[in-house]
Amino acid sequence: MARVAVVTGGTRGIGAAIAKALSAAGCKVAANYGGNDEAAQKFKAATGIPVFKWDVSAYEACAAGLKKIEAELGPVDILVNNAGITRDTMFHRMTPEQWTQVINTNLSSLFNMCRPVIEGMRQRKFGRIVNISSVNGQKGQMGQSNYSAAKAGELGFTKALAQESAKSGITVNAICPGYIGTEMVQAVPKDVLEKNIIPQIPVGRLGEPEEIARCVVFLASDDSSFITGSTLTANGGQYMI
């Protein structure tokens, strides 16, 4: 029987690539999104993957959204926490709202999404949780104290939940993408990409969303059952640990 996979932020960019790859691997996929109805409907029409709208920073919204997915598709076996936002500015100019929005969407969402499904995974003795962090959660980034803090927090969350869940057949891992050729990155001025960003990447190019998606498919599979609490760094060599 096909496993049910939920991907947050799953209708654009890396999330869309992940949702499509999991579907191609035989999963029944549900793609969550937060606000762009036009992009979500376009994604649904192109892929046939059902889409579900809610704000991952709100616990009750997550619980209700997941309940709806389970009623339509079945219990959640695979959860990919991909949704994220940026509110970049230097820390001495950062507002409380810019801090809180990023922490709630990028970090608190992991609790909001995992908590409603973890008990079912424990009862069924199977689960795959993959958290999409960032190279900037590993090394930090100027102008992103909020984002870097949230993404680093995801790694600590991953390790702790992995330890708690291992005996229940649940693996919890993280992926730290580097600069990936999404709409957000492609919006950076070409001269900035060519002069400041790509020279930092030893392989000499941006990553592709599909390359991150393939990492997720592996970590969500039976083949990865001995891997938990790990961070898979996919950044073209930009930052090595």
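Quick notes on this structure:
- Candidates Gly35, Gly10 - the one that is surrounded by fewer than 15 Cβ atoms within 10 Å (Cβ to Cβ), within 21 Å of Ser109 (Cα to Cα) and within 17 Å of the chain's Cα centre (by Cα): Gly35
- Of the listed requirements (1) surrounded by fewer than 18 Cβ atoms within 10 Å (Cβ to Cβ); (2) free of Cβ contacts under 8 Å to residues at least 24 places away in the same chain, Asn136 misses just one: (1).
- Screening Asn106, Asn81 for residues that are in contact with a Leu (Cβ under 6 Å, 6 or more places away or on another chain), closer than 20 Å to Asn173 by Cα and modelled with pLDDT of 95 or more leaves exactly one candidate, Asn81.
- One residue from Asn196, Asn146 being out of contact with any strand residue (DSSP E or B) (no Cβ under 9 Å at 6 or more places or on another chain), of a type in the set (S, T, N, Q) and either more than 30 Å from Thr100 (Cβ to Cβ) or surrounded by fewer than 15 Cβ atoms within 10 Å (Cβ to Cβ) (or both): Asn196
- Restricting the first member to segment 158-170 and to residues that are on the phi < 0 side of the Ramachandran plot, and the second to residues that are surrounded by 15 or more Cβ atoms within 10 Å (Cβ to Cβ) and in a helix (DSSP H, G or I), the beta-carbon pairs closer than 6 Å and six or more apart or on different chains are Ser168/Arg122; Ile170/Met121.
- Residue count for segment 210-232, restricted to those that are touching a Pro at 6+ places or on another chain (Cβ under 9 Å) and surrounded by 19 or more Cβ atoms within 10 Å (Cβ to Cβ): 2
- Any hit, segment 60-70, residues being surrounded by fewer than 16 Cβ atoms within 10 Å (Cβ to Cβ), modelled with pLDDT of 95 or more and within 24 Å of Ser134 (Cα to Cα): no
- Subset of segment 133-155 (residues that are in a helix (DSSP H, G or I), under 19 Å from Gln200 (Cβ atoms) and not polar (S, T, N, Q)): Val135, Gly137, Lys139, Tyr147, Lys151
- Pairing residues of segment 19-47 that are modelled with pLDDT of 95 or more with residues that are outside any loop (DSSP other than H, G, I, E, B) and surrounded by fewer than 13 Cβ atoms within 10 Å (Cβ to Cβ), at Cβ distances under 8 Å and at least 6 apart in sequence or on separate chains, gives Ala30/Glu72.
- All positions within segment 183-206 that are at pLDDT below 90 and within 25 Å of Ala83 (Cβ to Cβ): Glu183, Met184, Val185, Gln186, Ala187, Val188
- Residue in segment 132-154 that is over 17 Å from Thr86 (Cβ atoms) and under 20 Å from the mean Cα position of the chain (by Cα) present: no
- Matching residues in segment 193-233 - criterion: being in contact with a helix residue (DSSP H, G or I) (Cβ under 6 Å, 6 or more places away or on another chain) and either more than 16 Å from Ser133 (Cβ to Cβ) or without any contact (Cβ under 8 Å) to a residue 12 or more places away in the chain (or both): Glu210, Val217, Phe218, Ser224
- The residue list Thr158, Thr171 contains one member that is at pLDDT 95 or above, in a helix (DSSP H, G or I), among the β-branched types (Val, Ile, Thr) and crowded, with 17+ Cβ neighbours inside 10 Å, which is Thr158.
- Val102 being of a type in the set (A, V, I, L, M), touching a Lys or Arg at 6+ places or on another chain (Cβ under 7 Å), part of a helix (DSSP H, G or I) and within 27 Å of Val51 (Cβ to Cβ): yes
The values are calculated or read from the model by the stated rules, or taken from the named source; none is laboratory data. Values in this document were obtained by computation on a predicted structure and should not be read as measured data. No Cβ is skipped: glycine too gets one built from the backbone with ideal geometry, and neighbour counts run over all protein chains shown.
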